[in-house]
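To start, the structure itself, in structure tokens.
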Amino acid sequence: MSDLIGSTARMVGGLKASRGLVSSSSRLVPEEVPIAFSYAGSTHAVMMATPDDLEDFAVGFSLAEGIIEGAEDVVAIDALEAGDGIDVQVTLREMTAEALTARRRRMAGPVGCGLCGIESIEQASRAVRPVPASPLCVTAQNIACAMSQLNVAQDLNRQTRAVHAAGFFMPTEGLVAVREDVGRHNALDKLVGAVLLGGWNPAQGAVVVTSRLSVEMVQKTAALGAPMLIAISAPTALAIRTAAQAGITLVGIARDEDFEIFTRPDRVAEGVPLHV
């Protein structure tokens, strides 16, 4: 195995101050490296991320960015070390590759505004497609179970206390997939890829995350087609508006069986008043 690819953490030394005393210490810390996503030999974006689950990451990122419509659009994924980072080379089927080339041609020239794969303010605030109709309905106990199972499944965070996690919860099966990363967006991209490649139906489960609910988290959940997003923290106002537009049930501040529902409360059998 290479030095970077698949490496999630390393031990470092330091000093520890406690009650006025200083002593030597060691701690496991997560890896964070530049990861480039390249299509047809051209780099599309560079992310700072934990260098594991790269196939999931590539598929999830490509879907969230609108580069692909499904995992079937990806022909091959090759991760290669490139200096201090990793170049993830994604080979697309011919029609998808041609569409990406045309998209790049249209976007040539504008100054980027700093968001991944985004070249204009209009793209940053783009409308999301409504998620497909779903029979999903959860209880307060399901939400508490999802958060509890996600907490237990965070192996890397338990070692380092420095990464985020995203999971996919199905009421009939529990937490079926979990991905971790130093970046909350990256963790969700990896989860999206894992769900697609794992063959689970996004419409039958909920995305569960350990971070706050920013609009990008809602956009990625909508791209996956999951009808519910649950988080330990609160959403932003734009995230709430976007979730309502997409038809996503947004559940925040989920601690045990206490939580708040901000959009589409009809999918929660036992809930609290809608916050608007």
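Before moving on, here are some points about what is shown:
- Subset of segment 158-180 [within 11 Å of Ala206 (Cα to Cα) and out of contact with any strand residue (DSSP E or B) (no Cβ under 9 Å at 6 or more places or on another chain)]: Gly174
- Selection from segment 60-90 of residues that are among the β-branched types (Val, Ile, Thr) and surrounded by 14 or more Cβ atoms within 10 Å (Cβ to Cβ): Ile67, Ile68, Val74, Ile77, Ile86, Val88, Val90
- Those residues of segment 6-57 which are among the aliphatic types (A, V, I, L, M), without any contact (Cβ under 8 Å) to a residue 60 or more places away in the chain and either in contact with an Asp or Glu (Cβ under 7 Å, 6 or more places away or on another chain) or at positive phi (or both), in sequence order: Val33, Ala36
- Among the residues here, Thr242 does not qualify as out of contact with any strand residue (DSSP E or B) (no Cβ under 8 Å at 6 or more places or on another chain) and not in a helix (DSSP H, G or I).
- Scanning segment 205-239 for residues that are among the β-branched types (Val, Ile, Thr) and part of a loop (DSSP other than H, G, I, E, B) turns up Thr210, Ile232, Thr236.
- When residues of segment 91-104 are limited to those that are more than 23 Å from Ala127 (Cβ to Cβ) and of a type outside the set (Ser, Thr, Tyr), the one surrounded by the most Cβ atoms within 10 Å (Cβ to Cβ): Leu92
- Condition check for Leu191: out of contact with any Phe, Trp or Tyr (no Cβ under 8 Å at 6 or more places or on another chain) and not basic (Lys, Arg): no
- Residue in segment 209-230 that is basic (Lys, Arg) and either crowded, with 19+ Cβ neighbours inside 10 Å or closer than 22 Å to Ile68 by Cα (or both) present: yes
- Residue in segment 159-176 that is among the charged types (D, E, K, R), part of a helix (DSSP H, G or I) and modelled with pLDDT of 95 or more present: no
- Scanning segment 1-42 for residues being loosely packed, with under 12 Cβ neighbours inside 10 Å, hydroxyl-bearing (Ser, Thr, Tyr) and more than 19 Å from Asp181 (Cβ to Cβ) gives a total of 5.
The values are calculated or read from the model by the stated rules, or taken from the named source; none is laboratory data. None of these values were measured; they are calculated from a predicted model. Note that we place each Cβ from the backbone using ideal geometry, even for glycine, and neighbour counts take in every protein chain shown.
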